[in-house]
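Have a look at the structure below before the remarks.
Quick note: the coordinates plus some simple rules give every number you see, no bench work behind them. Keep in mind the model is a prediction, meaning the values are calculated, not measured. Cβ: placed from backbone, ideal geometry, glycine included. Neighbour counts: every protein chain shown.
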Amino acid sequence: MYEFWFVVGSQELYGEETLKQVEKNSIEIVDALNAGGLLPYPLVYKDTIKTAEGVTALVKDANYADQCAGIVTFCHTFSPSKMWINGLGLLQKPWCHFHTQFNFEIPNEGIDMDYMNLHQSAHGDREHGYIGTRMHKGRKVIAGYWGDAEVQKKLGRWQKAAAGAAFSKSLKVMRFGDNMREVAVTEGDKVEAQIRFGWQVNTFPVGALVEVMNAVTADEISAQMAEYRSKYAFPEGDLSSVEYQAREEIAIRKMLDSESCMAFSNTFQDLYGMRQLPGLASQDLMSLGYGYGGEGDWKIAAMTAIVKSMGARSAFMEDYTNDLKNGLSLGAHMLEVCPSIAADSPRIEVHPLGIGDREPPARLVFEGAAGDATLSCLIDMGTHFRLIVQDVTCVKPIMNMPNLPVARVMWKAANGLETGAECWILAGGAHHTVLSYDVDAGMLRDWARIMNIEFVYIDKDTTPDRLEMDLKLSELLWRNA
């Protein structure tokens, strides 16, 4: 469980009585925000900062407090920015500058100079904002009345992004074998990824997984089968394929948990000693919060886990084929799409895979839910990482596709199929993505800002010509950053 520290700016100039009122008001704001039900993580009032030493001490504490996922600052009065310099220079946690005010409106008869001295956020936060910009500190700025629901939702979405950043810093990814041969986009700099994101990405032999699989007991498989029955519709007849998937899932999870990994990748080209590619096994693990990447794509495995930590209805996805007549894309994968995005109860089916030269694997088959969503992917540009995000609207599939035995989703890009595809390809977008109904572009932008990486956004107004110029300018900036 994460928490966020609420830090109030002031100074000694105003005297003890005013400072006591500042603290009282600030605690009232924090209590109301926590009670409002719109923040996913609690705010903790920490202090009203009055000196440079106070700022530095608090920042040091925040940096080393594992439960602190970020700080939220608010200048109730004027708080001279020079006293914040040394502390902000040390800050390693995400920062949200919350420009609010204790009172919703100015009291016509109640306003006097005492009132003005107490309620100075209108220019106190501008002083505070200047030093953040002057120091080139990335931060989220939210302005509005703290009692407003929309303002609280903005703060809540930023909290989720900051929590995703905290999750990222401790993320471990287990690679079963290498990535698919000759594929470019699944490659990347693992050392730079650890420097930038905190990810520890390491390879484990498929043979080690097979050894763990062989040690799985009949009782463990029975328990896993009972869990499947509680969540999914079961096939008729021979259940040996489902039982084998249960064996795979138990073994994969044991290995992941033994190494504290929350994401994994594999590829159908590396199944030595395995009778089936993990299908149902991977899907059910994703429903529990583990990230997955097909064809050895460790970057999307990590991103799936991170986005799921920010919003549960998120899934590994692949652009598979287009319906040009109706302007729709069909997203699917050979097997591994998370059931968290299903419109209805998923059903377990067993079909030949047609690739990998192994037994027909059990998998979950379902249609994705309708609704607004985002597609996102992280690519390695050689000099820096780029996060690409596209707005889409998922629709109920317009055909039942009776001979396609995989989970599937259909969507329309916000700026149209052709224009959206042109923009995605210009930006270098991968064919593996994370589809999320819960994590919007603003949250992903916040995450990219915290990680200090390039962010490319394709929305309803994006055109290839404008994007091409934006990409050239952005790449010039990031190459020289």
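Dipole orientation for the chain: of the candidates A301, L43, M135, M135 has the Cα lying most toward the positive pole (charges on Cβ; Lys, Arg +1; Asp, Glu -1). Taking the centroid of alpha carbons for each part, region 190-212 and region 129-182 are 24 Å apart. Apply the Kirkwood formula to region 310-355: the hydrodynamic radius equals the inverse of the mean of 1/r over all pairs of different alpha-carbon atoms; give it in Å with one decimal. About 12.7 Å for region 310-355. With r as the distance between the Cβ atoms of L404 and Q269 and R0 = 22 Å, compute the FRET efficiency 1/(1 + (r/R0)^6) and round to 0.05. The formula returns an efficiency of 0.45 here.
Counting only lysines at least 8 places from K169 when in the same chain, those with an alpha carbon closer than 27 Å to its own are K46, K60, K93, K137, K140, K153, K154, K160, K190, K254, K299, K308.
Rounded to the nearest 500, the helix-only mean residue ellipticity at 222 nm of the chain stands at -12500 deg cm²/dmol, with each DSSP H run of n ≥ 4 adding -39,500 (n - 2.57). Each part reduced to its alpha carbon centroid, region 59-103 and region 254-286 end up 41 Å apart. Note on region 172-479: antiparallel DSSP beta bridges, both residues inside, total approximately 65 percent of the bridges counted. Average 1/r across all pairs of distinct alpha carbons in region 43-124, invert it, and you get the Kirkwood radius: 14.1 Å. Counting beta carbons within 10 Å around each of D470, D446 and listing the fewest first gives the order D470, D446. Label separation (Y64 vs S345): 5.3 nm, computed from points 7 Å beyond Cα along the C-beta direction. In the frame of its principal axes, region 3-168 has Cα extents of 51, 34, 25 Å, reported largest first. For region 275-390, the extents of the C-alpha atoms along the principal axes are 42, 34, 28 Å, listed from largest to smallest. If the segment from N34 to N103 were pulled out straight at 0.36 nm per residue, it would be longer than the present Cα-Cα gap by 23.0 nm. For A215 and A52, the difference between the fully extended length at 0.36 nm per residue and the C-alpha to C-alpha distance is 52.8 nm.
Could you state, as a whole-number percent, how many of the C-alpha pairs of the chain are farther apart than 45 Å?
I get 20 percent for the Cα pairs in the chain exceeding 45 Å.
Between helix 441-451 and the chain there is an angle of about 80 degrees, using the helix long axis and the longest principal axis of the Cα atoms. For the chain, the Cβ-based charge dipole about the Cα centre amounts to some 540 debye (Lys, Arg positive; Asp, Glu negative; other atoms uncharged).
For region 92-113, backbone nitrogen atoms closer than 17 Å to the point 7 Å from L13 Cα along Cα-to-C-beta are found at 113. Footprinting exposure proxy ranking of V201, V191, V434, fewest other C-beta atoms within 10 angstrom first, gives V191, V201, V434. Across the options G273, M310, L426, the greatest Cα extent toward the positive end of the charge dipole of region 172-479 (unit charges at beta carbon of Lys, Arg, Asp, Glu) belongs to M310. Measuring max minus min along each principal axis, the C-alpha atoms of region 334-460 give extents of 43, 31, 27 Å (largest first).
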